[in-house]
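The values are calculated or read from the model by the stated rules, or taken from the named source; none is laboratory data. What you see is a predicted model, and the numbers here were worked out from it, not measured in a lab. Positions of Cβ are generated from backbone atoms using ideal geometry, with glycine treated the same way; all protein chains shown enter the neighbour counts. Areas reflect the complete protein model, heavy atoms only, side chains present, ligands, DNA and RNA absent. Shrake-Rupley method; radii C 1.70, N 1.55, O 1.52, S 1.80 Å.
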Amino acid sequence: MEYDELVVAVAQHAPVPGDVAENARRAADVVSEAGDADLVLFPLLSLTGYDLDRLAEQACWVTADDPRLDVVREASRAHGVTAVVGAAWLGPDGRRLLASVALSPDGSVDVVGKQYPSRAERELFEPDEPAPPLDVRGWRVALAVCYDAAAPEHALRAARRGADVYAVSALYTEGQEGRLDVHPAARAMDHRMYALVANLAGAGPGWRSCGGSGVWHPDGRRVVAAGAGPRVVTARLERAELDRLRADDRRAGYRG
């Protein structure tokens, strides 16, 4: 069933470095306090913070049956929210992914790894394959991990698979404000889908966040912005807006 609206919450989160259990508890609190949100999006590596050296600690890696995620699973079930957290993921097959992990109210878990890791990240993680969009209340939500959003072909593949929402868990740092302005706006406008970016807050080894998490309309304009520091922003996405813009494109001969 398709719903006319999807309420989304974007969490600009500053993790406790390396403490998966505490960051999971904080994520569960955000989910519980997200009101009528259907989807809550957290940033890149929201369960550990972005410090690749710290991932030498086995405790920083998350697995499918990880009990530390139980508090998020329960909050998701209790409130009917799909929560997308950022994790260093160790799969049952031994694969290591820089991942967005979607925990759905029905208990299912979807793991989408970064497809375009940096040179330093490739020493720890392997690139993932393209994944189909999630179904969140009849809306098709494609997950992207950080630099994936800078690769136009990533969003193009998502759009060809019917994505309505392009949800990016990211780290944009000071000096990258222009990239954060352009990437989600372009992906949203080019493919007529809503775009969300959850950026890490705070600072880590060699970086400081530029903030700016938010939601972009399928015409490319920003709908909400988080500013600087930890904050949660929400928006109500309307299917009628998608339908209107997509119909305009078809009439102009731009869509089949």
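Can you confirm whether GLU2 is surrounded by fewer than 15 Cβ atoms within 10 Å (Cβ to Cβ) and part of a loop (DSSP other than H, G, I, E, B)? Talk me through it step by step, then tell me what you get.
Numbers: surrounded by fewer than 15 Cβ atoms within 10 Å (Cβ to Cβ): yes; part of a loop (DSSP other than H, G, I, E, B): yes.
Yes, satisfied.
Of all residues in the range 68-93, which are modelled with pLDDT of 95 or more, in a loop (DSSP other than H, G, I, E, B) and surrounded by fewer than 24 Cβ atoms within 10 Å (Cβ to Cβ)? So that I can check it myself, show each step before the final result.
The initial filter retains those residues of the range 68-93 that are modelled with pLDDT of 95 or more, namely 68-91.
In the following step, the residues that additionally are in a loop (DSSP other than H, G, I, E, B) were identified as 80-81, 91.
Answer for the range 68-93, where residues must be modelled with pLDDT of 95 or more, in a loop (DSSP other than H, G, I, E, B) and surrounded by fewer than 24 Cβ atoms within 10 Å (Cβ to Cβ): GLY80, GLY91.
Just checking, does the range 221-235 include any residue being in a loop (DSSP other than H, G, I, E, B), aliphatic (A, V, I, L, M) and out of contact with any Asp or Glu (no Cβ under 6 Å at 6 or more places or on another chain)? Within the range 221-235, one or more residues are in a loop (DSSP other than H, G, I, E, B), aliphatic (A, V, I, L, M) and out of contact with any Asp or Glu (no Cβ under 6 Å at 6 or more places or on another chain). Can you tell me which residue within the range 107-123, out of those that are touching a Ser or Thr at 6+ places or on another chain (Cβ under 9 Å) and within 20 Å of ASP66 (Cα to Cα), is surrounded by the most Cβ atoms within 10 Å (Cβ to Cβ)? Selected residue: VAL112. Scan the range 151-189 for residues that are out of contact with any helix residue (DSSP H, G or I) (no Cβ under 8 Å at 6 or more places or on another chain) and touching a residue at least 60 places away in the same chain (Cβ under 8 Å) and the total you get is 2. Residue under question is ALA11, and the condition is that it be open to solvent by less than 10 Å² (accessible area, probe 1.4 Å), among the small types (Gly, Ala, Ser), assigned to a strand (DSSP E or B) and over 20 Å from ARG96 (Cβ atoms); does it hold? Considered against the rule, which asks whether it is open to solvent by less than 10 Å² (accessible area, probe 1.4 Å), among the small types (Gly, Ala, Ser), assigned to a strand (DSSP E or B) and over 20 Å from ARG96 (Cβ atoms), ALA11 comes out as yes. Please specify each residue of the range 15-32 satisfying the condition of being more than 26 Å from ALA142 (Cβ to Cβ) and in a loop (DSSP other than H, G, I, E, B). If the condition is that a residue be more than 26 Å from ALA142 (Cβ to Cβ) and in a loop (DSSP other than H, G, I, E, B), then VAL16, PRO17, GLY18, ASP19 are the ones that fit. Going through (1) open to solvent by 50 Å² or more (accessible area, probe 1.4 Å); (2) not in a loop (DSSP other than H, G, I, E, B) one by one, LEU245 falls short only on (1). Report, by residue number, each residue of the range 32-48 that is open to solvent by 10 Å² or more (accessible area, probe 1.4 Å) and touching a Leu at 6+ places or on another chain (Cβ under 9 Å). ASP38, the sole residue that qualifies.
Inspect all residues belonging to the range 210-217 and state whether any of them is polar (S, T, N, Q) and either farther than 22 Å from VAL84 by Cα or part of a strand (DSSP E or B) (or both). No, there is no match, as no residue in the range 210-217 is polar (S, T, N, Q) and either farther than 22 Å from VAL84 by Cα or part of a strand (DSSP E or B) (or both). So how many residues does the range 39-67 have that are closer than 20 Å to SER118 by Cβ, in contact (Cβ under 8 Å) with a residue 60 or more places away in the chain and part of a strand (DSSP E or B)? Adding up the residues that qualify gives 0. The residues of the range 179-205 that are within 16 Å of ALA144 (Cβ to Cβ) and among the basic types (Lys, Arg), listed by number, are ARG179, ARG187.
Restricting the range 94-106 to residues that are of a type in the set (D, E, K, R) and part of a loop (DSSP other than H, G, I, E, B), the residue that is least open to solvent (accessible area, probe 1.4 Å) is ARG95. As for the range 204-222, it holds at least one residue that is open to solvent by less than 20 Å² (accessible area, probe 1.4 Å), in contact with a strand residue (DSSP E or B) (Cβ under 7 Å, 6 or more places away or on another chain) and of a type in the set (A, V, I, L, M).
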